1. Place a +1 charge on the Cβ of each Lys and Arg in the chain and a -1 charge on the Cβ of each Asp and Glu, then give the dipole magnitude about the Cα centre in debye, rounded to the nearest 20.
2. What relative contact order, as a whole-number percentage, does segment 1-133 give when Cα pairs under 8 Å and 6 or more residues apart are counted?
3. Run the helix sum for the chain: -39,500 (n - 2.57) per DSSP H stretch of 4+ residues, divided by residue count, reported at 222 nm to the nearest 500 deg cm²/dmol.
Amino acid sequence: MVERVRAVLVTDDDTMLVIRRTKPGIPEYWVLPGGGVEPSDESREAALHREIHEEIAGKADIVRLLHTMESDDERQLFYLARIATWSFDDRTGPEFSAEGRGAYALEEIPLTVEGLDGIVLKPEQIAHLLRDALGDGTLTLQSSSGSPA
């Protein structure tokens with residue numbers, strides 16, 4: 001089974017970092033930073049740190065696992081994380097130079113229901129989960145021990 005890790009990256013300004021994907025012939029959409037877990041990764045969290053470094057040259061503090069989605073052949077783990085520094089210009093991920101992958105643009109959106117309503121975040125299940133958590137106040141940057149992250 002393929003495993004992927006993604007992060008809801010919350011900035012110090014309470015915005016969220018998302019990647020706008022533009023591909024020929026497909027309406028634009030947004031995804032959370034992250035990618036595949038590789039055999040050389042020590043853990044899923046290590047894979048997420050590697051992906052954040054590759055995709056946005058950032059360093060994040062992972063707060064907690066937020067959600068897991070599974071299908072017959074794939075498991076996606078979504079983490080909540082705090083990020084203070086990043087540089088999209090310094091990204092190094094191999095996907096950025098691959099032919100036919102389309103364009104990638106890092107955007108900062110308000111971490112609000114209205115902010116989410118302004119984009120088409122994929123997969124839809126995580127977009128719904130985030131809207132619900134923002135609406136009921138459960139999307140907090142508290143670790144599972146209750147201490148602030």
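No lab work stands behind these numbers, since they all come straight from the coordinates. Given the structure is predicted, the values throughout are model-derived calculations rather than measurements. Neighbour counts run over all protein chains shown; Cβ positions are idealised from the backbone, glycine included.
1. Taking the Cα centre of the chain as origin, the dipole is about 20 debye.
2. Relative contact order, segment 1-133: 32 percent.
3. Taken over the chain, the calculation gives -6000 deg cm²/dmol.
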